[in-house]
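Below: the structure, in structure tokens.
The values are calculated or read from the model by the stated rules, or taken from the named source; none is laboratory data. Everything numeric here is computed off the predicted structure, so don't read it as measured data. Virtual Cβ from ideal backbone geometry, glycine too; neighbours counted across all protein chains shown. In case anyone asks, the SASA skips ligands and DNA or RNA and just uses the protein heavy atoms, side chains included. Shrake-Rupley method; radii C 1.70, N 1.55, O 1.52, S 1.80 Å.
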Amino acid sequence: MGKSVRMGIDVGGTHTKAVAIDNETHEIIGKSSVKTTHDDPRGVAAGVVRSFENCLRENNISPSDVVFVAHSTTQATNALVEGDVANVGVVGMSKGGIEGFLAKKQTRLDDIDLGNQKKIHIINRFLKTKNLSKDEVKKTIDEMMKDGAEVFVSSMAFGVDDDTAEKLVYEAATEKGIPSTMASDITKLYGLTRRTRTAAINASILPKMLDTANSTEASVREAGVTVPLMIMRGDGGVMEISEMKKRPVLTMLSGPAASVMGSLMYLRASNGVYFEVGGTTTNIGVIKNGRPAIDYSIVGGHSTYISSLDVRVLGCAGGSMVRANKNGVVDVGPRSAHIAGLDYAVFTPAEKISKPVVEFFSPKPGDPSDYVRVRLEDGSYVTITNTCAANVLGLVKPEYFSYGNAESAKKAMKALADYCGTTPEDIAKQIMEKAYAKIEPVILSLAEKYKLEKDQISLVGVGGGAASLIVYFANKMGVRYSIPENAEVISSIGVALSMVRDVVERIIPSPSKDDIKAIKLEAMNKAIESGATAESVEVHVEIDPQTSKVTAIATGSTEVKTTDLLKECSEEEARKLAADDMRITEDRCLLIEKSRYFYVFSDKSPSEGYGAVRIVDHKGFIKVQRGLGAAQHVKVKDYQESIRKFWDELAVYQTELIVRPDFYLCVGAKVMDFSSTDLEQLILLIDLELSALDPEDEIIIVAANVKQH
């Protein structure tokens, strides 16, 4: 039996990169990169297969050794950005009366504006469900096709509770060979207009995505691989290609999701801000409690029910060009050297940079005319970028992808410095300051949104341009940073190591135990449908008392893991990690609780009151980082007493509200997190998780809150 191999393929704007990873040890055993095949008759699918086959061949991997293959895709996002969409026929439905009057209004969509003068064209019809027959539905579909509809959406008032009428339209369209989406298949949340709009966006990209999915799947089969082909979702999970054919819209932001999941593999802490820096754009997002922050996507200015990573995209990255005048640097970006067809000075041989002269120009029609380029003695041009500035300031180590010739960058920058009456080092600093001024508020607003305390912000730099920005930023903000090994192929690693993920959301006022059991089971079944093995699925439930929204997030793997070869770390090694993370000396880092799988450290002993807490697992991963907390070892039968005690003792009283603690339960080898503003709902959730345990089993409860400054 050969090795078992996981393959991850990331489709980027420029390159498609495949990585082969040993399924047992998670070591990289091969990489291969090809140019993304935008112009091939089979589109990007050709590059996916080419990189995959090259990776197998170059590393002597047999197709029969491949146990998992997945790829990320920019196609859904690109189809919407480029307006490569089908005309959508929306069939709204309802009973009669006032409900019918409102539903007709709410399912009647305007064309969806995608920006760039592109839009999704909508053809609307409304049907009453009383005595609705398939013949009437088929007749309606035929009429709408005459009006230009190419794909269909069925959306019924309260369709999330009873989807019979939606199914009627779906079946009638399918019989005619026309792609179709049921709104209740996309989300189980109420909000008829938003649900219908989300389904319409999904339907609009169905033809394009089905083509690619079918040709990729056929090609992978031709290559001799028999395991299911998985696709990266925008929320960081993967799903089988058969599921993607129904809900392609879930792959929006699949690219950034891949880089985040890759970062998570290398991030030993549970909280951080990740930075994916390319040549043109930087993606910024948050990892909280070991999970990426997720929110609903906005398309054409409208909120949708598409869950994806909460990512901010900024036009300030490794290759961003500089704008300047006599007084110095005015701005950095959004135009990049790549767009202007210019080389970075820092990647140009120093001898070539002879008699440099500053010129100002407009990279594209309509752009400001104060972008800087440098004319050389031989008549060619280079430009000055963030990467040039970081190298001039000595911030980029030789092992980083952004490392270049600082001498070259300094010579080109001197031309601008002379024009502005200053030094190259000062210009480099000005460039970094302008980039910092754009990106720092984004980091701080995300940290505030997800309640990351300042001392827990750790910047994780991925992507080829990471070192051009992150070192300066971390020093300036006084936070720590890391650039993982293989940062330039982090997205492919993220795809290869992804878990199957599925989410069910429902509005349930005052949910009962049975309601929560039912939604957990539904999420688990969806994850299994998407390709996870039943034994591997875990479900995390969240309740939002303000909106009565109950969310069940199921994650699982495509095969059952039996080995875990990461080395155990000793109590002393764990103490060192926790002390370092809390920025205290080891003698001040106190072990307050421990189990077979976890250590809980604090900077205060229980007799001194509450201090910072860190939960460290036996592999050396910091699972929880909080500024204020407490821990207690209890038997399952006694857990409620501890919860009620900490609920009051760790409450933080602010001007207009009481902030209640979050709870983390170390149960066996798992850390489960729970938060609620309602004590009884909190206990309901915990009860459900602990119901399978013996009352005499021991668990650790950690309660934590925000530190008052």
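Debye-formula intensities of the range 74-231, expressed as log10 I(q)/I(0) at q = 0.10, 0.20 Å⁻¹, are -0.38, -1.22 (one equal scatterer per alpha-carbon, no solvent).
Volume per residue for the range 1-148 equals 204 cubic angstrom (convex hull of Cα atoms). Under 17 Å of direct C-alpha separation, and excluding same-chain neighbours fewer than eight residues apart, K604 reaches these lysines: K576, K594, K707. The calculated FRET efficiency for the pair L444 and Y296, based on their C-beta separation and a Förster distance of 25 Å, comes to about 0.70. Pairs of lysines in the range 353-474 whose Cα atoms sit within less than 18 Å of one another amount to 10, provided the residues are eight or more positions apart or on different chains. Restricting the chymotrypsin sites (Phe, Trp or Tyr not before Pro) of the range 657-708 to loop positions (DSSP other than H, G, I, E, B) with no more than 10 neighbouring Cβ atoms within 10 Å leaves nothing. Note on the range 310-354: Cα-only Rg and Dmax are 13.1, 46 Å. Using every pair of distinct Cα positions in the range 582-633, the Kirkwood expression returns a hydrodynamic radius of 11.0 angstrom. Taken along the Cα-to-beta-carbon direction at a fixed 7 Å, the label points for D162 and E27 span 6.1 nm. Using the Cβ-Cβ distance between A651 and S691 with R0 = 22 Å, the FRET efficiency computed as 1/(1 + (r/R0)^6) comes to roughly 0.25.
What would the Debye formula give as log10 I(q)/I(0) at q = 0.24 Å⁻¹ for the alpha-carbon point model of the range 348-443, no solvent? Debye curve over Cα of the range 348-443, log10 I(q)/I(0) at q = 0.24 Å⁻¹: -1.30. According to the Kirkwood relation over distinct C-alpha pairs, the hydrodynamic radius of the chain is 27.6 Å. Scattering from the range 179-265 was approximated by placing one identical point on each alpha carbon and applying the Debye formula without solvent; log10 I(q)/I(0) at 0.14, 0.22 1/Å stands at -0.55, -1.09. One quarter of the convex hull surface built on the alpha carbon atoms of the range 567-606 amounts to 2.8 nm², the projected area averaged over directions.
3J(HN,Hα) couplings calculated from phi for the range 492-508 with the Karplus curve 6.51 cos²θ - 1.76 cosθ + 1.60 (θ = phi - 60°) are, in sequence order, 5, 5, x, 5, 5, 9, 5, 9, 5, 9, 8, 10, 10, 10, 9, 8, 9 Hz; Gly and Pro show x.
As a calculated quantity, the FRET efficiency between L132 and K245 at R0 = 35 Å, using C-beta atoms, amounts to about 0.85.
Compute the distance from the alpha-carbon center of the range 335-359 to that of the range 125-170, in whole Å. So the two Cα centres are separated by 59 Å.
Which whole-number value in Å² is the accessible area per residue of the chain, probe 1.4 Å? Per-residue accessible area for the chain comes out at 42 Å². Over the C-alpha trace of the range 406-555, radius of gyration and Dmax come out as 23.5, 74 angstrom. Maximal additional length on extending the E82-S510 stretch stands at 149.7 nm, based on 0.36 nm per residue less the C-alpha distance. Of the trypsin sites (Lys or Arg not before Pro) found in the range 160-196, those in coil by DSSP whose Cβ has at most 14 other Cβ atoms within 10 Å are K176. At the residue level, R373 shows approximately 60 square angstrom of accessible surface with a 1.4 angstrom probe and all protein chains present.
Note that the range 440-450 has calculated 3J(HN,Hα) couplings of 4, x, 5, 4, 5, 5, 5, 4, 5, 4, 9 Hz, one per residue in order, obtained from phi through the Karplus relation 6.51 cos²θ - 1.76 cosθ + 1.60 (θ = phi - 60°); glycine and proline are x. Calculated from the alpha-carbon coordinates, the range 627-675 shows an Rg and a Dmax of 12.1, 39 Å respectively.
Spin-label model, K176/V706: points 7 Å from Cα along the beta carbon direction are separated by 5.3 nm. Rolling a 1.4 Å probe over the protein heavy atoms of the chain, with every protein chain left in place, gives an accessible area that is 50 percent carbon and sulfur.
Among 133-146, 249-262, 286-299, sorting by the average number of other beta carbon atoms lying within 10 angstrom of each residue, highest first, gives 249-262, 286-299, 133-146.
Pairs on different chains or at least eight residues apart, Cα atoms closer than 12 Å: how many lysine pairs in the range 87-201 fit? Total qualifying Lys-Lys pairs in the range 87-201 comes to 7.
Loop-located GluC sites (Glu not before Pro) in the range 341-396 (DSSP state other than H, G, I, E, B) with a sparse environment of at most 16 neighbouring Cβ atoms within 10 Å: E377.
Between the amide H of V299 and those of T304, distances stay under 5 Å, these residues lying 5 or more places away or on another chain, with hydrogens modeled in the peptide plane. Would you tally the net charge around K176, using a Cβ to Cβ cut-off of less than 14 Å, leaving K176 out, and scoring K and R as +1, D and E as -1? For residues surrounding K176, the net value is -2. D by Stokes-Einstein for the range 240-295, Kirkwood Rh over Cα pairs, 25 °C, 0.890 mPa s: 195 µm²/s. When only Cα pairs below 8 angstrom with a gap of at least 6 residues are kept, the chain shows a relative contact order of 10 percent.
In the range 577-709, the convex hull through the Cα atoms has an average projected area of 8.2 nm², a quarter of its surface area.
Across D544, D110, D617, the residue with the most accessible area heads the list, and the full order at a 1.4 Å probe is D110, D544, D617. A simple spin-label model places the labels of K146 and E433 6.9 nm from each other, with each point 7 Å out along Cα-to-Cβ.
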